[in-house]
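Undergrad: Sharing a structure here in structure tokens format.
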């Protein structure tokens, strides 16, 4: 009897122990699952919080970038960084002058570059000065000679020739279409052109030697004086500015800044490409860029102009 009771008790205790073990295992499983889930939820919440913080920081940085006004030193450093991205071992001469803020940046401004067609702005200004002084009329007849013909763009060069053209039409072709034939009709041979250039710049307080003038070489600093006069007396040169605004062929600053009115003149000769411009907007500014053997110079000028305009809009 006692033996039977002991067997039943032992069996009961075994049942209790096994039941407790099952309960503990089940509890452990659910408890561990809950712990992992809670931990997973916590990590997810933390990641979401970090992402939100990063987004907020990014928005603040963008907002600051759009509205921060940079000091002169900071602007100089920013411009330096932009130019160095494209310059490499080649030569860039640049003048940026903000007519609204007075800020100016330059690099290589006293180096000589082959001006190419950018010099046509000087020739046009000289003629409009004469028109303004009553020395010549816009309706004056300018005669054409076969000796004037030179290949390139323009309506006079590429259309059937006439015996003569009105002065203002010849100026338009020289500036808007960079017509070399029109330029020759207005200026004559290279000796006459160099004399005109030296005298005109001398009247503006700029000293250019006959030797450099014969090579059609100028510095960005010299052209700064010319374009400053053009801007300051823009009412006097209103037609010239209109022709510069309407020019399209080769004008890459206009491509880089498509949403603003720009009066620009490009020049290209062999591996040298330049562009000179006034950009009109909330802050009018001058941008003169001359290059010497610069790799992909047209694309470089376009990119530089775009980045400089963004700085002008956001940081001045």
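Bear in mind that the values in this text are calculations on the coordinates, not laboratory data. These numbers come from a predicted model, not from an experiment. Using ideal geometry, Cβ is built from the backbone for each residue, glycine included, and neighbour counts are taken over all protein chains shown.
Undergrad: What length, rounded to one decimal in nm, is gained on full extension from residue 69 through to residue 239, with 0.36 nm per residue of separation minus their alpha-carbon distance?
TA: Extending this stretch completely gives an extra 57.7 nm.
Undergrad: Evaluate the distance, in nm, between pseudo-label points positioned 7 Å from the Cα of residue 225 and of residue 78 along their respective Cα→Cβ axes.
TA: In this crude spin-label approximation the distance works out to 3.1 nm.
Undergrad: For residue 150 and residue 166 in the same chain, what is the full-extension length gain: residue separation times 0.36 nm, less their Cα-Cα distance, in nm?
TA: 3.9 nm
Undergrad: If r is the Cβ-Cβ distance from residue 246 to residue 132 and R0 is 22 Å, what FRET efficiency results, to the nearest 0.05?
TA: Once the sixth-power term is evaluated, E becomes 0.55.
Undergrad: Another question, if that's okay. Please give the peptides 137-145, 175-183, 257-265 ranked by average Cβ packing (other Cβ atoms within 10 Å per residue), highest first, as a rough proxy for protection.
TA: So the peptides 137-145, 175-183, 257-265, ranked by packing, come out 175-183, 257-265, 137-145.
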